[in-house]
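Participant: Take this structure first; my questions come after.
Each value in this text was obtained by applying a stated rule to the coordinates, not by laboratory testing. What you see is a predicted model, and the numbers here were worked out from it, not measured in a lab. Neighbour counts run over all protein chains shown; Cβ positions are idealised from the backbone, glycine included.
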Amino acid sequence: MNLAIRDIRHHWGRFVLTCLGLSLLLGVVISMIGIYRGLVADALVLVRAPAVDLWVVEGGTKGPFAEASRIPRDTRNAVARIDGIASAGMVTYQSMQIETAKGVARVLVVGFEPGRPGGPAVLAAGRTLERSHFEMVADIKTGLELGQLIRLGNDDYRVVGLTRGQVDSGGNPLIYLSLQDAQALQFELEGAAARNQAARGERANTNQVNAVLATIHADADLDSVARSVSRWKHLSALTQADQEAMLLSAVVDKARKQIGMFTVTLLTVSTVIIALIVHTMTLDKAREIATLKLIGAPDRTILALIIQQALAMGVISFSLGATLITLAADRFPRRVIVEAPDIAMLAAAVGVVCVIASLAGVRHALSIDPAQALGG
Amino acid sequence: MSAPIVSLRGVSKHYGDGPTRVDAVRDLDLDIHAGTVAGLLGPSGSGKSTVLNLIGAIVDPSKGQISLDGEMVFDGGWLRPDLRRLRLEKIGFIFQFHNLIPFLNVAENIQVVLDLAGWPRPKAQRRVAELLDYLQVADRAHAMPAQLSGGQAQRVAIARALANNPRIILADEPTAALDSERAGRVMDLLRQVAVEQGAAVIVVTHDDKVMARFDVRHALADGRLVGA
Ligand SMILES: Nc1ncnc2c1ncn2[C@@H]1O[C@H](COP(=O)(O)OP(=O)(O)OP(=O)(O)O)[C@@H](O)[C@H]1O
Ligand SMILES: [Mg+2]
C-alpha cells in the first residue's frame, strides 16, 4: 500500500494547487534555458542564413557583425577569380525602422546581389529576388505577407518571399533587398546626421559594401582558399566556423553567464520553497507519523512517504511547467527553444532538488516521538 | 496458572533530573497473564499511562526488567535493537482518541499493520475482512475515518490493534469518549479477544462505567502499586 499516494489523494485539492504554483516557478526555470537556447540560435541565424563558405571582410577586422567592415565593390570580382571559389556576392547590412500594419518595427536590411551568394538560402514561402529593383524577401516575424506592397524611403517594394526565424542577434527580423535598392535606401535615409558624417568623410558610399560572401568548389580546400584571399592586406577571410565562433563569443558568453546565474538562483529558490512545503506537510502529518511509528512502521516507510510526496510534487509540477512553456514558447517576443535534452537535464536537477528539499522534512519526521500519538 | 505474558520487575521511570525530577513509576513489580483483562487504575498523575508506555516500549525505563510474551526485552537497557519491530510483533495499541490514519480508509487502516508485518496480500485481505466482520464495521470498510462515529472509529482502532494477533493489547482510556452502552460493548470485545486469542489486555481507565468488568485491578498511587 502506497501511503504517499493515499495521503495525496486525501488532500488532493491542496496538492494540486501547490503543484500549480510550483509548476509556474519551474516553468520559469525551463523558459530561462529556452531563452538562452533561443539567443544562441538567433545569434547564429545571420551567419547561417546565406549558407556560404567564406566571408571576405575589411582587413584586420572581424566584420561584418562583430566589427564594422567596409570593402570596395571590386573585391567581389577579385575574389571570384581566386582558384577554388565557386561564386561570390556582395552584401550590405543596415538596421532601419519600417512601418507595418502592426506599427513601427526595427529590421535588419540585408542587401545582396540576386543570383549570387548572400540571399536567404531557405525560404518559407514565395521566391527569392528575381529582379534587381523593388522586390523584397521578409521574415514572417515582420508581419508582412506575400504580395504585400510596403513603402521604404521613396519607393514601394513588393514582398515576393518569406523566411521563417531569420533575425539578427537583437531579435529583429531580416528583410532582403537587392544590393542596389539597399544602397539607394541607405543613401536616402541618411538625413542630416549622415550629412555631418559625410562632412567628416565617413559616409558609406555605393562603392563600398560590408562583405563579400563566397562559396567554394566541392574539391577546394577551404583553408588554402582563405589564405589566398588574405594575401591582400586590405582583406580578411573568415570561414563560416570563424564567424559562428565569433558571434557566439560576442553575444552568447555574457548571456550564458547571466542566464546561468539566474537559473541557479531560481533552482535555489525552488529548493527552498519545496523544502518549506515538504516541511509543512510533514508537520501536518506529525501525529500520523507518530502513530505509524507506534504501530511498528520502520523509518524507511516514513522516509518513503515524505520523499515520494516531494518527488511526486516535483514530477507533476515539472511536467506541468514544461507543458506550459512548450505551449507558450511561440508567444514570447524572442525565440524560446525548448529541447528534450535540456528538459531531461532540468528534470534530473529538479529530482535532486526535491530530494535535497525533503531533508528538512525527513529530519523532522525521524525526530517525531511515537509517544506523540498518545496525547489527546 | 501459566507464566505471565507481561512481567515487570523493579521497574522505575523518572522524568528529568535535579529539582525538576518526576518519579512517575517507582520500583514496580507487575504480572499480567494470558486471557485476562487487567485494569490499571488510579488518580491523575499516578503513573498509569507511563506504565502502559513502558510495557509498550514507547518510553525507556530508568531501571528494572521487562519481559513480554516470554522474552526478556528490557534489562537495564533494551535487548532488541528495533523496538518498532517488537511492537509490531507483540503489541496492539488502542488509544482514547482512536488515532486512525486519516488518509487511509477503514480497511487500509487495518491493512497497513499487516503490510508492515509482511503478510502476503491475499492472506492479509482475508484477515482484514474477518476483523471488520468481527467488529461489526464491515459495511464501513471503504469509509474514511472522518466519516465514522466515535464508536465505529474505536472498533476500527481495536481491529487494527488485533490485526497481527498480538499477545499483548494495551488500551489507554479506550472508553472515555464513548457512552456507557458503547463502552460496555468495547469492554466485551476486549474480553472476547483475551479469551479467544489468549492475550493479556491491559486497560488504563478512570471510567467508572467499566470498573466492574476487569478480571484484575491494579491501582497506582504516586507511581506505586497500592493493591485493589
Ligand atoms: N514526558 C513527560 N515528561 C515529564 N513528566 C512526565 C512525562 N509524562 C508524564 N510525566 C509525569 O509523570 C507522572 C505520571 O504521569 P502519567 O501520564 O503516567 O499519569 P496518569 O496516571 O496516566 O495520569 P492521567 O490519569 O492524568 O492520564 C505525572 O506527574 C506526569 O506529570
Ligand atoms: Mg494517562
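Participant: Explain nothing, just compute: Karplus ³J(HN,Hα) = 6.51 cos²θ - 1.76 cosθ + 1.60, θ = phi - 60°, for every residue of region B:72-86 in order, whole Hz, x for Gly and Pro.
Facilitator: Values, residue by residue: 5, 10, 9, 8, x, x, 5, 8, 9, x, 10, 5, 5, 4, 4 Hz.
Participant: Ok, one more. Which order results if B:112, B:22 are arranged by neighbouring Cβ count within 10 Å, fewest first? List each step's numbers first, then the result.
Facilitator: Numbers: B:112 24, B:22 13.
By the 10 Å Cβ count, ascending: B:22, B:112.
Participant: While we're looking at this one, here's another question. Among the aspartates and glutamates, which fall within straight-line cross-link reach of residue A:62, defined as a Cα-Cα distance under 15 Å, with same-chain neighbours fewer than 8 residues apart omitted?
Facilitator: Those aspartates and glutamates meeting the cut-off are A:242, A:244.
Participant: Turning to a different aspect of this structure: Listing A:224, B:46, B:2 from the residue with the fewest other Cβ atoms within 10 Å to the one with the most, what is the order?
Facilitator: Fewest-to-most Cβ neighbours within 10 Å comes out as B:2, A:224, B:46.
Participant: Among the listed pairs A:293/B:63; A:102/A:254; B:48/B:90, which have their C-alpha atoms separated by more than 27 angstrom in this model?
Facilitator: Beyond 27 Å between Cα atoms: A:102/A:254.
Participant: Return the whole-Å distance between the Cα centroid of region A:106-164 and the Cα centroid of region B:141-195.
Facilitator: Computed from Cα coordinates, the inter-centre distance equals 84 Å.
Participant: While we're here: Rounded, prolate or oblate: which fits region A:282-376, taking a ≥ b ≥ c as square roots of the Cα gyration tensor eigenvalues, rounded meaning a/c under 1.5, else prolate when a/b beats b/c?
Facilitator: prolate
Participant: Among A:314, A:126, A:27, which one shows the highest mean-square fluctuation when chain A is modelled as a Gaussian network with alpha-carbon springs under 10 Å?
Facilitator: The residue with the greatest mean-square fluctuation here is A:126.
Participant: Give me the lysines in straight-line cross-link reach of residue B:209: C-alpha distance below 16 Å, same-chain residues under 8 apart excluded.
Facilitator: Straight-distance partners of residue B:209: none at all.
Participant: How long are the semi-axes of the equivalent ellipsoid of chain A, defined as square roots of 5 times the Cα gyration tensor eigenvalues? Whole Å, largest first.
Facilitator: Working: eigenvalues 721, 96, 56 Å².
In descending order, the three semi-axes are 60, 22, 17 Å.
Participant: In whole Hz and in residue order, list the ³J(HN,Hα) couplings for region B:2-7 that follow from phi through the Karplus curve 6.51 cos²θ - 1.76 cosθ + 1.60, θ = phi - 60°; x for Gly and Pro.
Facilitator: Karplus values, whole Hz, x for Gly and Pro: 5, 5, x, 7, 10, 9.
Participant: OK, next. When 1/r is averaged over all different Cα pairs and the result inverted, which Kirkwood radius in Å belongs to chain B?
Facilitator: Answer for chain B: a Kirkwood hydrodynamic radius of 18.0 Å.
Participant: Just the number, please: Stokes-Einstein D of region A:60-233 in µm²/s, Kirkwood Rh from C-alpha pairs, 20 °C, 1.002 mPa s.
Facilitator: D = 125 µm²/s.
Participant: Rounded, prolate or oblate: which fits region B:1-100 when a ≥ b ≥ c are the square roots of the eigenvalues of the alpha-carbon gyration tensor, with rounded for a/c under 1.5 and prolate only if a/b beats b/c?
Facilitator: Rounded, since a/c falls under 1.5.
Participant: Still on this structure, please answer the following. Would you please give the residues with an amide H less than 5 Å from that of residue B:59, counting only those at least 5 places away or on a separate chain, with H modeled from the backbone geometry?
Facilitator: For residue B:59, the qualifying residues are B:54.
Participant: Also, quick follow-up: If the cut-off is a Cα-Cα distance under 19 Å, which aspartates and glutamates reach residue A:285, setting aside same-chain residues fewer than 8 apart in sequence?
Facilitator: A:7, A:299, A:369, B:108
Participant: Take the alpha-carbon centre of region A:35-64, take the same for region B:1-75, and report the distance between them in whole Å.
Facilitator: Rounded to whole Å, the Cα centres lie 83 Å apart.
Participant: For residue A:67, which sequence-distant residues (separation of 5 or more, or a different chain) have an amide H within less than 5 Å of its own amide H, given hydrogens modelled in the peptide plane?
Facilitator: Under 5 Å from the amide H of residue A:67 lie the amide H atoms of A:62, each far enough along the sequence or on another chain.
Participant: Oh, and also: Mean Kyte-Doolittle of at least 1.0 plus a Cα span of 27 Å or more along the axis: flag which DSSP H helices in chain A meet both, please. Intermediate results must be reported in sequence, preceding the final value.
Facilitator: Working: long enough: A:12-48 (51 Å, 1.63); A:253-284 (46 Å, 0.90); A:299-328 (43 Å, 1.46); A:340-367 (40 Å, 1.61).
Taking the DSSP H segments of chain A (at least 27 Å long, mean hydropathy at least 1.0), we get A:12-48, A:299-328, A:340-367.
Participant: Given labels modelled 7 Å from the Cα in the Cβ direction, how far is it in nm from residue B:217 to residue B:115?
Facilitator: Here the modelled spin labels are 4.3 nm apart.
Participant: For residue A:236, list long-range residues whose amide hydrogen, built 1.01 Å from N in the peptide plane, is under 5 Å from its own amide hydrogen.
Facilitator: Those lying under 5 Å, H to H, from residue A:236 are A:57, A:58, A:59, A:60.
Participant: Sorted from fewest to most neighbouring beta carbons within 10 Å, what does the list A:157, A:93, A:176 look like? Mind showing how you got there, number by number?
Facilitator: Working: A:157 23, A:93 20, A:176 30.
Listed from fewest to most nearby Cβ atoms, that is A:93, A:157, A:176.
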